[in-house]
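The values are calculated or read from the model by the stated rules, or taken from the named source; none is laboratory data. Predicted model, so just to flag it, every value in this text is computed and none were measured. Every residue, glycine among them, receives a Cβ derived from its backbone with ideal geometry; neighbour counts consider all protein chains shown. With ligands, DNA and RNA removed, areas are computed over all heavy atoms of the protein, side chains included. Shrake-Rupley method; radii C 1.70, N 1.55, O 1.52, S 1.80 Å.
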Amino acid sequence: MSDTGFSTQNGSEGGEHYTNGPMQNPVINQLPSQGLNVSQGSYPQMISTKAPHQSAPAQYDYVHPQNPPTVNMYQRPIQTNIARPPLDPFKQVLAHQDSSVSRLPPQPPSVTAPAMPSNNLYASSQILPPSNWHYGNSSSSSQLSNFQGNHVTSWSGPALTPPIGMGYTKTSAQQNSIPGNRTTQSNYVPPAPNAVNPPVMQAYQPTRPPVGPPPMGIGASPFQGPATSPAGPPSSVDHPIKQGREHMPLPVDGTKVPNSFDTLESGGRNFAAPPPPPPTVAGRTATQSYPSLPPNYQNVGPASSASGMPPHIQPYPTLVSPAQLSSSLGNMSLNQAEQPEALKPINLLQERNILPRGLVTPPVPCLPHALQKFNCSPEVFRCTLTNIPQTQSLLNKAKLPLGLVLHPFKDLSQLPVVTSSTIVRCRSCRTYINPFVTFLDQRRWKCNLCYRVNDVPEEFMYNPVSRSYGEPHKRPEVQNSTIEFIAPSEYMLRPPQPAVYLFVLDVSHSAIETGYLDTVCRLLLDNLNLLPGDMRTKIGFITFDSTIHFYNLQEGLSQPQMLVVSDIEDVFIPAPDSLLVNLNESKELIQDLLKSLPQMFTKTLETQSALGPALTAAHKLLSPTGGRVSVFQTQIPSIGLGALKSREDPNQRAAAKDVQHLTPATDFYKKLALDCSGQQIAVDLFVLSGQYCDLASLACISRYSSGSVYYYPSYHHQHNAGQVERFEKDVKRYLTRKIGFEAVMRIRCTKGLSIHTFHGNFFVRSTDLLSLPNVNPDAGFAVQMSIEDNLVDMQVVSFQAALLYTSSKGERRIRVHTMCLPVVNSLADIFAGADVQAITGLLASMAVDRSVSSSLSDARDALVNAVIDSLSAYRTSVLSLQQPGLLAPACMRLFPLYVLALLKQKAFRTGTSTRLDDRVFAMCQLKYQPLVYFMLMIHPALYRVDNLTDEGSINVNDKVIPQPPILQLSVEKLSRDGAFLMDAGSVMFLWVGGSCAPNFINQVLGVSDYTAIPQNMTQLPELDTAESVKLRSFVSWLREQRPFFPVLHVIRNESPLKTNFMQNMIEDRTESAFSYYEFLLHLQQQVSK
């Protein structure tokens, strides 16, 4: 029934392909006469040149009419260029599906709202030619032919015809194996109490004899997989998709590249991991209703547990004992037992109160308790389907996406850390030993991904926790699904890099006017000693306007020296040895510079911005070691490399037609980002501007170097107090949060599954390896999967994400997350295990890519069709009795609401005035944010806070935190005599009604009456009243649930920000979008066809 479905297709054909390592671009030694001596840093022997890699497929997802020019090295004319062979053009294929009927809702009747534009989501306009989900920009004369977006797909041959509705294309992953040598010492650092997945002491195996010499002739344990134990990589399967991944050149001489994860972490299959759901609380009663609603839809009381989603519902009423795993899991089906709560049909047109009473929790996999207690936390690793279909055809029938959502470097209060000279891994697929492997006896274990039987190393027989010998199954590696290893020297190909921080600051006239420079310098002074690092930590500064300014901070100078480079067309490093200095040795000079820097440019008249040359200088300066570049930019780059021109037409901001200019205007920033990634450099971008900055182009420098983008529109130190507060909090966390350098991540999954598309900020170095020059605890990732081979003989499948990184202290560490899920053979089981929030998060990332590669309307159509297809599949294939209305399983009842929220979000909305940079930044957030913060952004939480009580409150650190119920996002829930708090993730609104009780206004806001509330109030005064304490404690508790700082805006009916507040009322009708109820009516019409 689909017109626009979900699949991914891209790749390249023919030509010679390249692969890269951490050290991508060499820093060329300049002639002394030119004054271009570039420091090679601590690792001059590791600066490598490039050579073709014969086996690497092409990478980039851009359509290009011809071969692009050779990528240069930004060198002076006297230098000798190292020529790169031209990159072959990349060809795209869009597989079209039969489309004759529009899936968009018809134009709503003109009752009170103005007429809607003809091409918005709900208009009866003709749909564009349908196509599968496809990633890659369709046209741009400046786009690279061999560069790919932040995902990986592959294809070959003619156009693919995917399954109806959502066709998830699939590829096969390659696998390498390089077993490493091991020594024999180990030391375990146990976690503190209440650790994540703490070690559990239990019987070795139900059939195992007492600990002693290896028993002879013992059969397989109840936990082992199939009898066969294939040792080699999985067989390759021909697909209509040719393998294609991002690759960059290797050294010409064939030498190893420093910290190459293909050598160190060795041979993988796939990757991914996830985040958690936002807190939600409860019941609500309707005060008003739509004029034409059916009787059962009006004035309905709070949702009961029967129709709601219980906080921790177990989809299956009966758990299977560990000893019965093989026989029970394989035959388990929801059809054999009473229908679980998750599958209970809900008529969305009659059930008004569908928001859950408590937190929206992910479904619990149907695993025996012996396995489930070890499973990875959903805050870290999460799958869209907690019941994995046996075949791809079964998945296609469900019309649900299969993928993983990952938050791999999340701040964890407790994390088991193991120091060992031997890290036990499968010799075939290189999986790390984990709680879901099978011990055949004391000396052998079977991999849970490829089923190879491996030997248990002698040193692994000793348990550092119990200090006993002969119990390898009780080691912490087998008792914790999330664990971190201190990697031995074999996981290093160069000494771990030091923490290196370079700050690149805009000092043009517009930048000085905003006042941001004073704030940044003050925050750096206050937090200089809190920067993550050790005695080797280095720091440097570059400022720029129409020229580039370097600062000599070498120890022994009496004051900092400014070195100005005015040749922005060919930037060079004037004093390579003294621009990046040791933080501890030159701390006084650094402090002097930070104190004087704001005053140095107060009278500047420079209006130009040479951002491109400044970034080129930063790349050259950090190339010897790698590190982090923090860029602060306040206007569109106007001169030099990477100069841009305004592409936004303010008159088209509210147009209902497709939005233009979502793709980069130039490939300069993407090319430079890939050069940075090859040298282990990440670029974080802070944009503080009231004017258009072309974020679509600038964001590429962070996206492909695993950096982050921060956006503060209309920032001004005097006129926008809310943005100033948010900026200060964000920068303080940014400076002090933990960081991982020269990181790589690989996700593996059980044989038969394949990962084909990645979402997030990274560069894909090989088939399944993500290059992350920097990794931070606020970064999320997502991946799409397909089922290559039938999983009929499997009861469970496993997924493992391994993140190899260098800590700020110089330790090489490996963080491993492992998740186990059951395999099912019925559609009912698949729907019962659907994780609606993870599904929404994955679809949002796919829709962002679709908006860029195709069109915004195409992405919106596909989101609507995803709901129609899944509800149609449930109605036709799962429901035993057909009933009238729009029916959804209880576990999926929030799906239409979440998709409507996405359609009204800044990234995808039409017909509402939206600045182009605001839209692009929202798209960046959807792709990059962990799931729990993403959900708050698209579906904010609304609370009434003028009557807070202790009912249902919680105690946190001896403080009583009120827990008011969450209300539906509709104006009917507001009242003039109340005050309502909206938590939208990165921002909070406190809306005060015109008839709100004077006591609340006085006791909480500290003003005499409603008219005295300031227009720009962003903080709650600390008053010694019970009402003030309750509200401030509740707001503080909400803020502590996330790493970033949401600004609080107190608004009245007359406030300019009231529009922003009302735009989040997603259940209400607007001029360009239907209400939630009208959206449901449209879905019913389409599902019933």
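So if each residue of separation counts as 0.36 nm, and I subtract the Cα-Cα distance between Met600 and Asp918, what length gain in nm does that give?
This chain segment gains 111.3 nm when fully extended.
I need the shape label for the stretch 586-742. Rule: rounded when a/c is under 1.5, else prolate if a/b > b/c, else oblate, with a, b, c from the alpha carbon gyration tensor.
oblate
Leaving ligands, DNA and RNA out of it, work out the accessible area of His369 with a 1.4 Å probe and give it in Å² to the nearest 10.
Rounded to the nearest 10, that gives 110 Å².
Given R₀ = 41 Å, what would the calculated FRET efficiency be for Met461 paired with Asp411, taking r from the Cβ atoms and rounding to 0.05?
After rounding to 0.05, the efficiency reads 0.75.
Per residue, how much accessible area does the stretch 532-609 have with a 1.4 Å probe, in Å²?
Result: 46 Å² of accessible area for each residue.
When only DSSP loop residues count, what chymotrypsin sites (Phe, Trp or Tyr not before Pro) in the stretch 1000-1089 have their Cβ near at most 15 other Cβ atoms within 10 Å?
Hits after loop and neighbour filter: nothing returned.
Return one whole number: the accessible area per residue of the stretch 812-912 in Å², for a 1.4 Å probe.
Numbers: 1580 Å² over 101 residues.
I get 16 Å² per residue for this part.
Name the long-range amide H neighbours of Ala487: under 5 Å, sequence gap of 5 or more, or other chain; modelled H, no Pro or chain starts.
Arg812, Arg813, Ile814
Rounded to the nearest Å, what's the spacing between the alpha carbon centres of the stretch 733-793 and the stretch 505-553? Just the number, please.
Spelled out, the Cα-based centre of one part sits 32 Å from the other.
For the stretch 1065-1077, take each phi angle, set θ = phi - 60°, evaluate the Karplus expression 6.51 cos²θ - 1.76 cosθ + 1.60, and give the result in whole Hz per residue in order, putting x for glycine and proline.
7, 6, 7, 9, 7, 10, 4, 10, 8, 6, 6, 4, 5
In nm, what is the difference between 0.36 nm times the number of residues separating Asp526 and Asn790 and their Cα-Cα distance?
89.2 nm
Residue by residue through the stretch 645-651, what is 3J(HN,Hα) from phi via Karplus (6.51 cos²θ - 1.76 cosθ + 1.60, θ = phi - 60°)? Round to whole Hz and write x for glycine and proline.
10, 5, 10, 8, 9, x, 6
Can you send over the carbon and sulfur percentage of the accessible area for the stretch 587-626, probe radius 1.4 Å, protein chains only?
Carbon plus sulfur share of accessible area: 50 percent.
Per residue of the stretch 1027-1034, in order, report the coupling 6.51 cos²θ - 1.76 cosθ + 1.60 (Karplus, θ = phi - 60°) as ³J(HN,Hα) in whole Hz, putting x for Gly and Pro.
Result, rounded to whole Hz: 5, 5, 4, 5, 5, 5, 5, 5.
Starting from the Cα-Cα distance between Ser421 and Gln1015, subtract it from 0.36 nm times their residue separation and give me the gain in nm to one decimal.
Length gained, Ser421 through Gln1015: 207.7 nm.
For the stretch 821-946, with all protein chains present and a 1.4 Å probe, just round the carbon and sulfur fraction of the accessible area to a whole percent.
On the way: 1080 of 2130 Å².
Answer for the stretch 821-946: carbon and sulfur cover 51 percent of the accessible area.
So which lysines can Lys1089 reach, going by Cα to Cα under 25 Å and dropping same-chain residues fewer than 8 places off?
Lys1089 reaches Lys344, Lys397, Lys399.
When ligands, DNA and RNA are left out and all protein chains stay put, how many square angstrom of accessible area per residue does the stretch 349-473 have with a 1.4 Å probe? Mind showing how you got there, number by number?
On the way: 3390 Å² over 125 residues.
Value returned for the stretch 349-473: 27 Å² of accessible area per residue.
Are there trypsin sites (Lys or Arg not before Pro) in the stretch 988-1042 that DSSP marks as loop and that have at most 15 other Cβ atoms within 10 Å, and which are they?
none
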